[in-house]
Amino acid sequence: MDPYPRPLKDLISALRRLPGIGEKTATRLALAILADKGDLSRCLVQALEAVRREIRLCPECFNLTDGDLCAVCADVSRDRSLICVVEEPSDVLSIESSNVYKGLYHVLHGLVSPLSGIGPNDIRLPELMERLKKYQDQVRELIVATNPSVDGEGTFHHICSLVERSGVAVVVSRIASGIPMGGELKYMDQVTIASALTYRRSTQC
């Protein structure tokens with residue numbers, strides 16, 4: 001016999017649709033919402049409705065925003081000569097948390113993946129090329145910060161090919177990847193080691 005009534009089961013099922021949320025976590029969250037004596041459920045509903053109603057894509061970089069431009073594009077202090085290409089909006093947050101990069105972004109909302117039927121025109125690559133042509137007098141470097149996966153590497157090479165064919169004078173670079181700080185070679189997988197060797201850098205002794 002199922003111990004949970006239908007509305008609670010529906011809430012658990014809805015929570016399980018979120019990435020990284022399994023059956024136990026979804027059940028714990030649902031029970032916490034149900035047990036709350038305050039206005040948690042109302043706040044959640046209002047926040048979800050506001051997100052659906054107000055959040056849109058920045059017309060310049062396709063990051064998330066509730067204004068005409070995202071906070072990065074609207075910041076006049078950012079270095080307009082650098083554009084960092086990332087897969088998802090969450091990648092922008094990760095890079096920003098490092099407090100190192102001060103340029104602009106371009107969010108692809110996916111990667112070129114032939115096996116999944118995702119081509120260059122299915123993500124924001126055409127918009128990237130239009131942006132490069134529009135600001136070719138300003139942009140000097142395009143930093144591709146996609147993950148070091150098969151699709152991530154394929155997307156990087158596709159961007160290189162597009163830039164080369166476009167004739168836009170911009171340097172295309174790839175973020176370094178490989179052995180993490182404090183990591184040991186004997187625990188690294190073949191892909192990580194290969195990536196570390198491929199993207200090695202010279203150091204003057």
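The values are calculated or read from the model by the stated rules, or taken from the named source; none is laboratory data. The structure displayed is predicted, hence computed values, not measured ones. Here the Cβ is made from the backbone with ideal geometry for all residues, glycine too, and neighbour counts use every protein chain on show.
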_Qualifying residue in region 25-36 (condition: under 30 Å from residue 126 (Cβ atoms) and not assigned by TED's automatic domain parsing to the domain that holds residue 169)_ = no
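Residue 198 - would you say it is at pLDDT below 95, closer than 27 Å to residue 90 by Cβ and over 21 Å from the mean Cα position of the chain (by Cα)? So that I can check it myself, show each step before the final result.
On the way: at pLDDT below 95: yes; closer than 27 Å to residue 90 by Cβ: yes; over 21 Å from the mean Cα position of the chain (by Cα): yes.
Here the answer is yes, as residue 198 does meet what is asked.
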*If a residue has to be polar (S, T, N, Q) and in contact with a Leu (Cβ under 6 Å, 6 or more places away or on another chain) to count, how many in region 71-119 make the cut?*
0
*asked:* Pairs please, first residue from region 142-158 and within 19 Å of residue 180 (Cα to Cα) and touching a residue at least 12 places away in the same chain (Cβ under 8 Å), second anywhere and crowded, with 21+ Cβ neighbours inside 10 Å and among the hydroxyl-bearing types (Ser, Thr, Tyr), Cβ atoms under 7 Å, 6+ apart in sequence or on different chains.
replied: 146/155; 152/146
*Looking at this structure, is residue 176 in contact with a Phe, Trp or Tyr (Cβ under 6 Å, 6 or more places away or on another chain) and assigned to a loop (DSSP other than H, G, I, E, B)?*
yes
